[in-house]
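The values are calculated or read from the model by the stated rules, or taken from the named source; none is laboratory data. On a predicted model such as this, the values are computed, not experimentally measured, just so you know. Cβ coordinates were reconstructed from backbone atoms using ideal geometry, including for glycine residues, and neighbour counts include every protein chain displayed. For the accessible areas, the whole protein counts, side chains as well, though only heavy atoms, and no ligand, DNA or RNA atoms are used. Shrake-Rupley method; radii C 1.70, N 1.55, O 1.52, S 1.80 Å.
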Amino acid sequence: MTGAEGVAAPRREQNDDSPLRGKVAIVTGAASGLGRATALRLAEAGARVVVADLDVRGGREVADLVGGHFRACDVSDLDANHALVEFTRETYGGVDIALLNAGVATGCGVGEDFSPALYRRAMGANLDGVVFGTHAVLPALRARGGGSIVATASLAGLAAVPLDPLYAANKHAVVGLARSLGPALAPENVRFNAVCPGFAESRIIDPLRGMLSEQGMPVIPAETVADTVVRILTGDGTGECWFIQPGREPEPFRFRNVPGPGVPVDA
């Protein structure tokens, strides 16, 4: 897809001591919610940000806030991902960070309400967007000698979600990708991690707000997720999946006692 560039007002107060200062970051799904909050945090840390989204108006507004650039991008389109990375390289000279955050609600199940169109839409945004984004950005990260990718998964990628099994399937796939690509890319100095929030402030939870309120379930502020992404980016872990839940300190989920492919010693 073609996109528009928005050049913004000066960024807000920056942290001159941040290790992210001067880094170039791509944030997909950045027009609202978690992507917007993270784009703001990255700019405050001194990063240069390219805001990517299908929401042109919202994306340009965020680009204005962070003093960055906007690029319209359908993450389910491989060519659009390549174009986004090329735009970023032409604008800033390279890429150091990619937050692959764009996602949508599923809107159907696997029974009578199944819709191939809704299924493909969810797969395109929630899984293809991460795979295509990773494929497109890797050469740019390698050209810089390494970098960091963070994919937005969900607590639905760590637990069963009977009410939306297809969304859970998408997010479990992202978790598996992060756990596998983390060690696979480590020799190239490319880190790959995932962030797994529970019900967090975003458009995806709009249909659920009434239910969450009735059940007294707090909604995680988008800024909490953004702060966690910055912790991941400024850390040294890879292949990690950080859970975020109200009342608990975010940390990597421990996949304990998972049986491996080897033959038991006492077999």
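Quick one: how many residues across segment 130-147 are open to solvent by 10 Å² or more (accessible area, probe 1.4 Å) and touching a Ser or Thr at 6+ places or on another chain (Cβ under 9 Å)? Qualifying residue count, segment 130-147: 1. Only residues that are β-branched (Val, Ile, Thr), under 28 Å from GLY109 (Cα atoms) and touching a strand residue (DSSP E or B) at 6+ places or on another chain (Cβ under 7 Å) were counted in segment 132-171, giving 3.
Only residues that are of a type outside the set (Phe, Trp, Tyr) and surrounded by 21 or more Cβ atoms within 10 Å (Cβ to Cβ) were counted in segment 61-71, giving 6. If you check ASN101, ASN189 for being in contact with a helix residue (DSSP H, G or I) (Cβ under 9 Å, 6 or more places away or on another chain), surrounded by fewer than 18 Cβ atoms within 10 Å (Cβ to Cβ) and within 17 Å of GLU240 (Cβ to Cβ), only one passes: ASN189. Of the set (1) under 26 Å from GLY46 (Cβ atoms); (2) more than 13 Å from the chain's Cα centre (by Cα), all apply to VAL150 but (2). Considering (1) crowded, with 23+ Cβ neighbours inside 10 Å; (2) farther than 22 Å from ALA178 by Cβ; (3) touching a Leu at 6+ places or on another chain (Cβ under 7 Å), the lone condition that TYR119 does not fulfil carries the number (1). Within segment 157-187, being within 18 Å of the chain's Cα centre (by Cα) and without any contact (Cβ under 8 Å) to a residue 40 or more places away in the chain holds for ALA168, ALA169, HIS172, GLY176.
Within segment 222-256, take every residue that is among the hydroxyl-bearing types (Ser, Thr, Tyr) and under 24 Å from ALA186 (Cα atoms) and give me the one that is surrounded by the most Cβ atoms within 10 Å (Cβ to Cβ). Among those that are among the hydroxyl-bearing types (Ser, Thr, Tyr) and under 24 Å from ALA186 (Cα atoms), it is THR228.
Checking GLY111, GLY107 one by one, the residue that is of a type outside the set (A, V, I, L, M, F, W, C) and either open to solvent by 60 Å² or more (accessible area, probe 1.4 Å) or closer than 23 Å to VAL225 by Cβ (or both) is GLY107 and no other. For LEU54, the conditions (1) touching a helix residue (DSSP H, G or I) at 6+ places or on another chain (Cβ under 9 Å); (2) within 22 Å of SER154 (Cβ to Cβ) all hold with the exception of (1). When restricted to residues that are open to solvent by less than 40 Å² (accessible area, probe 1.4 Å) and under 25 Å from VAL190 (Cα atoms), segment 72-91 contains 9. When restricted to residues that are hydroxyl-bearing (Ser, Thr, Tyr) and surrounded by 23 or more Cβ atoms within 10 Å (Cβ to Cβ), segment 20-60 contains 2. Name the one entry in LEU99, LEU118 that is part of a helix (DSSP H, G or I) and touching a residue at least 12 places away in the same chain (Cβ under 8 Å). The match here is LEU118.
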